[in-house]
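> Have a look at this one.
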Amino acid sequence: MKQPPSFSPPSSPTKPPCRFASDGHSVTRLVAAALAFVCACADGSVLSRGARLPKEPATSVSADSSNASSDDVAVQTAARLYLDLVTLNSPELATSFGLHARDAELDDRTTTGHEAATVREEAMLTSLKVRFKSARLSPAGQTDLAMLLGALEVSIQTKRTQRPLERQPDLYTSPLNALFSMTARDYAEGSVRAKNVVARLEKVPRIVAAAKANLLHPPRIWTEIGIDRASSATSFLESQRAFLHSALPSERTRTDLALHGAEAAYVEYKTFLENEVLPRSTGRFEAGRELFCFLLKNDYFLDETPEELRAMGAKLVAETNAQMTEVAKRVDPNAKGWPEVVAKLKGHHPTASGLLDAYRDEVQRARLFLGQKNVVAFPPGDDLEVVDTPPFMRSTVTAAYDQPPAFDAVTKGFFFVTPVDASLPAAKQEEMLRENDHGDLVDTAVHEAYPGHHLQLSFARRHPSLVRKVLDHAIFSEGWALYAEELMAELGYYTDEERLLQLEWTLVRAARVVIDVGLHVGGMTFEQAVAMLTDDVHLERQLAISEVKRYTLTPTQPLAYLTGRQMIFAMRERYRKREGATFSLKGFHTEVLTRGTVPPSLMAKEIFGAVR
């Protein structure tokens, strides 16, 4: 994704306050109760009936066998328990997975609810480590277990260190993500979805009340992001009224009251952020070395240090600059350098009204080209719709892909394109259009759709492993999408104009590695990061600001693109050497695409075996 939808990423690693100060034994009792609750859950009932939840979720796995096959089954049992836990802890995340048992509920954003959810995760993590300490697992089972443990480790560590309830204002607008998914996706009858949407809307005022109780001293940039998203809530919620009235014709009064209450709550929230939180927004956004390295190891399974990754990024900045200079000379031999050529090419863009159709045309062209080249397969049910970005995402999203929930029958993915804001001055509108020039547009369609995110994630959701259905590691998903861009260059897809703009985005991704490490570990300021993107990469300032806002929220995500791409190319070379004369691109792509969104280091162990 060039700009992904809203996340709840890590931030500054400081010790959280104790949430159970009045009762020092509360946490201990809760962990003990959770560990005592043993559930086999091996019949698949979680998935066949939505999510079968006890009052306190199961957080341990029975250890009734020691052979490899039964241990592999136990990992999938653990995955079912994990899905139960997700459904209890985060009904909104469960909706995104296609688990709809608690679609009428929102996440508990009170401090006690948040702490209880974290403790449940800690109890499950402890139980899994004990259960699988001496397990005999297949290579695939080892990967699944590593991913499951990593997901719990990362979730716990980021909650404990970032204190999101206190520091992240956009956390309280994220229910809008779940509401969008419920109205946009036909996973159930409209009346069923609408009733749950209304039930969630009625709970939005509680979310805003929790925000007022919780938020302390966020980073100023994060408060500004929260204000932007709260500002756009009303237009998004109003756009849902027609669907809700149509689906629930006999409940218009309740629907209108729910919409009015949610809209009023977010208007109030915006005012609260502007008047009370913004003046005290003195927090720092950097993750810090300890958390940054933790994420590299436990989310991406990397051994490299931040400094090694930054050096790789700087090297590829230089190499990509040299490539761009060479291509620019072919486009315009008289130009002083590639920035001059790119500046001219950015004027070649569609009109604001023709933006969506231009993207739709390029998506179809890319898919047709791949079919002709026969270098990738297309999964059954391949379905993609290019649509406007939902309003509440537009402050940090230019283009993004929203994958279909893993357990929903409907396989449609959404390719979001942010429309030009007609309320902006003409010069600002032109600036937005210049970042949707023809070359950028071609490259974005490749990255988000074919053979990028949509193709890869359409395969991933078909994997039989429950772990791989729901866990998405950016080091592979973003690495694959950037690999896809370069693959299309190898196949001769781009004109020189298109290749130059595609290389500019490769340059952006290389700069992201440098900036990501710099912002969170190396002392780089927000303005220094923006300046690198405007002065060295030559992005328009509006886009550069949007990019860096996101980087502050998502440590290690920006570096995932280039790092993952390099690892995929390394796997391809190993695969080529192993296969010899029988090597084919389609064979390699099938090998990696059918394994799920697995970190490349783990995937390589599956494909080639452990290094001895």
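> Looking only at residues in segment 520-549 that are out of contact with any helix residue (DSSP H, G or I) (no Cβ under 8 Å at 6 or more places or on another chain) and among the charged types (D, E, K, R), which one is nearest to ALA484 (Cα to Cα)?
ASP535
> Here is a follow-up. Scan segment 236-252 and tell me whether some residue there is touching a helix residue (DSSP H, G or I) at 6+ places or on another chain (Cβ under 6 Å), over 26 Å from ARG185 (Cα atoms) and of a type outside the set (D, E, K, R).
There is no residue in segment 236-252 that is touching a helix residue (DSSP H, G or I) at 6+ places or on another chain (Cβ under 6 Å), over 26 Å from ARG185 (Cα atoms) and of a type outside the set (D, E, K, R).
> Limited to segment 571-598, what total is found for residues that are under 20 Å from LEU316 (Cβ atoms) and touching a residue at least 12 places away in the same chain (Cβ under 8 Å)? Can you show your working first?
Applying the first criterion (under 20 Å from LEU316 (Cβ atoms)) to segment 571-598 yields 571-573.
From the residues that got through so far, the ones that are touching a residue at least 12 places away in the same chain (Cβ under 8 Å) too are 571-572.
Selection size over segment 571-598: 2.
> Go through the residues of segment 178-200 one by one and say whether even a single one is more than 22 Å from LEU99 (Cβ to Cβ) and in contact (Cβ under 8 Å) with a residue 12 or more places away in the chain. Explain how you work it out, then say what you get.
Going residue by residue through segment 178-200, those that are more than 22 Å from LEU99 (Cβ to Cβ) are none.
No, because not a single residue in segment 178-200 is more than 22 Å from LEU99 (Cβ to Cβ) and in contact (Cβ under 8 Å) with a residue 12 or more places away in the chain.
> Please indicate, with yes or no, whether at least one residue in segment 124-140 is over 23 Å from the mean Cα position of the chain (by Cα), within 30 Å of VAL204 (Cα to Cα), part of a helix (DSSP H, G or I) and modelled with pLDDT of 95 or more.
yes
> All but one of (1) out of contact with any Gly (no Cβ under 6 Å at 6 or more places or on another chain); (2) open to solvent by 10 Å² or more (accessible area, probe 1.4 Å); (3) not in a strand (DSSP E or B) hold for VAL387, so report the exception by its number.
Going through (1) out of contact with any Gly (no Cβ under 6 Å at 6 or more places or on another chain); (2) open to solvent by 10 Å² or more (accessible area, probe 1.4 Å); (3) not in a strand (DSSP E or B) one by one, VAL387 breaks only (3).
> Further question: In this structure, does THR582 turn out to be within 25 Å of the chain's Cα centre (by Cα) and of a type in the set (Val, Ile, Thr)? Break it down into steps so the answer makes sense when it comes.
Working: within 25 Å of the chain's Cα centre (by Cα): no; of a type in the set (Val, Ile, Thr): yes.
It is false that THR582 is within 25 Å of the chain's Cα centre (by Cα) and of a type in the set (Val, Ile, Thr).
> May I pose another question? Could you check, for segment 349-365, whether at least one of its residues is open to solvent by 50 Å² or more (accessible area, probe 1.4 Å), assigned to a helix (DSSP H, G or I) and in contact (Cβ under 8 Å) with a residue 40 or more places away in the chain?
yes
One line per residue, one yes/no per condition, for (1) closer than 29 Å to ALA79 by Cα; (2) assigned to a helix (DSSP H, G or I); (3) at pLDDT below 95:
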| residue | (1), (2), (3) |
| --- | --- |
| ARG160 | yes, yes, no |
| LEU176 | yes, yes, no |
| LEU179 | yes, yes, no |
| MET182 | yes, yes, no |
| ALA194 | no, yes, no |
| VAL198 | no, yes, no |
| ILE221 | no, yes, no |
| SER235 | no, yes, yes |
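> Next up: So which residues in segment 91-123 are open to solvent by 20 Å² or more (accessible area, probe 1.4 Å), part of a loop (DSSP other than H, G, I, E, B) and small (Gly, Ala, Ser), if there are any at all?
ALA101, ALA104
> Name the residue, out of LEU482, LEU471, that is touching a helix residue (DSSP H, G or I) at 6+ places or on another chain (Cβ under 9 Å), open to solvent by less than 10 Å² (accessible area, probe 1.4 Å), under 20 Å from ALA560 (Cα atoms) and of a type in the set (A, V, I, L, M, F, W, C). Spell out the reasoning first.
Numbers: LEU471 fails: open to solvent by less than 10 Å² (accessible area, probe 1.4 Å).
Exactly one of LEU482, LEU471 is touching a helix residue (DSSP H, G or I) at 6+ places or on another chain (Cβ under 9 Å), open to solvent by less than 10 Å² (accessible area, probe 1.4 Å), under 20 Å from ALA560 (Cα atoms) and of a type in the set (A, V, I, L, M, F, W, C), namely LEU482.
> Here's a follow-up. Can you tell me how many residues in segment 395-428 are at pLDDT 90 or above, over 20 Å from LEU457 (Cα atoms) and of a type in the set (Val, Ile, Thr)?
Looking only at that region, the number is 2.
> With respect to ASP71, is the statement that it is touching a residue at least 24 places away in the same chain (Cβ under 8 Å), buried (at least 19 other Cβ atoms within 10 Å of the Cβ) and either over 16 Å from ASN196 (Cα atoms) or of a type in the set (Gly, Ala, Ser) (or both) true?
yes
> Considering only segment 209-221, state which residues are in contact with an Asp or Glu (Cβ under 7 Å, 6 or more places away or on another chain) and surrounded by fewer than 23 Cβ atoms within 10 Å (Cβ to Cβ). Lay out the reasoning, then the answer.
We begin by selecting, within segment 209-221, every residue in contact with an Asp or Glu (Cβ under 7 Å, 6 or more places away or on another chain); these are 214-216.
Selection gives ASN214, LEU216.
> Answer yes if at least one residue in segment 320-331 is at pLDDT 95 or above, in contact with a Phe, Trp or Tyr (Cβ under 6 Å, 6 or more places away or on another chain), in a helix (DSSP H, G or I) and hydrophobic (A, V, I, L, M, F, W, C), and no otherwise.
If we filter segment 320-331 for residues that are at pLDDT 95 or above, which is where we start, we get 320-331.
Narrowing further to those that are in contact with a Phe, Trp or Tyr (Cβ under 6 Å, 6 or more places away or on another chain): 324-325, 328.
Filter once more, keeping what is in a helix (DSSP H, G or I): 324-325, 328.
Remaining after also requiring hydrophobic (A, V, I, L, M, F, W, C): 324, 328.
Yes - at least one qualifying residue is present in segment 320-331.
> Right, next: In segment 558-569, how many residues are open to solvent by 10 Å² or more (accessible area, probe 1.4 Å) and farther than 13 Å from PRO599 by Cα?
Restricting attention to segment 558-569, the residues satisfying the condition of being open to solvent by 10 Å² or more (accessible area, probe 1.4 Å) are 565-567, 569.
Next, from what is left, pick out any that are farther than 13 Å from PRO599 by Cα: 569.
Residues that pass the stated criteria total 1.
> To continue, here is another question. From the list PHE588, PHE583, which residue is of a type in the set (Phe, Trp, Tyr) and open to solvent by 10 Å² or more (accessible area, probe 1.4 Å)?
Result of the check over PHE588, PHE583: PHE583.
> I need the full set of residues from segment 263-301 which are aliphatic (A, V, I, L, M), in contact (Cβ under 8 Å) with a residue 60 or more places away in the chain and assigned to a helix (DSSP H, G or I), in order please.
Step one: of segment 263-301, the residues aliphatic (A, V, I, L, M) are 264-265, 267, 273, 277-278, 287, 291, 295-296.
Still in the list and also in contact (Cβ under 8 Å) with a residue 60 or more places away in the chain: 265, 273, 277, 287, 291, 295-296.
If the condition is that a residue be aliphatic (A, V, I, L, M), in contact (Cβ under 8 Å) with a residue 60 or more places away in the chain and assigned to a helix (DSSP H, G or I), then ALA265, LEU273, VAL277, LEU291, LEU295, LEU296 are the ones that fit.
The values are calculated or read from the model by the stated rules, or taken from the named source; none is laboratory data. Everything quoted here is computed from the prediction, not taken from an experiment. For neighbour counting, all protein chains shown are included, and Cβ atoms are generated from backbone atoms with ideal geometry for every residue, glycine included. The accessibility values were calculated without ligands, DNA or RNA, using every heavy atom of the protein model including side chains. Shrake-Rupley method; radii C 1.70, N 1.55, O 1.52, S 1.80 Å.
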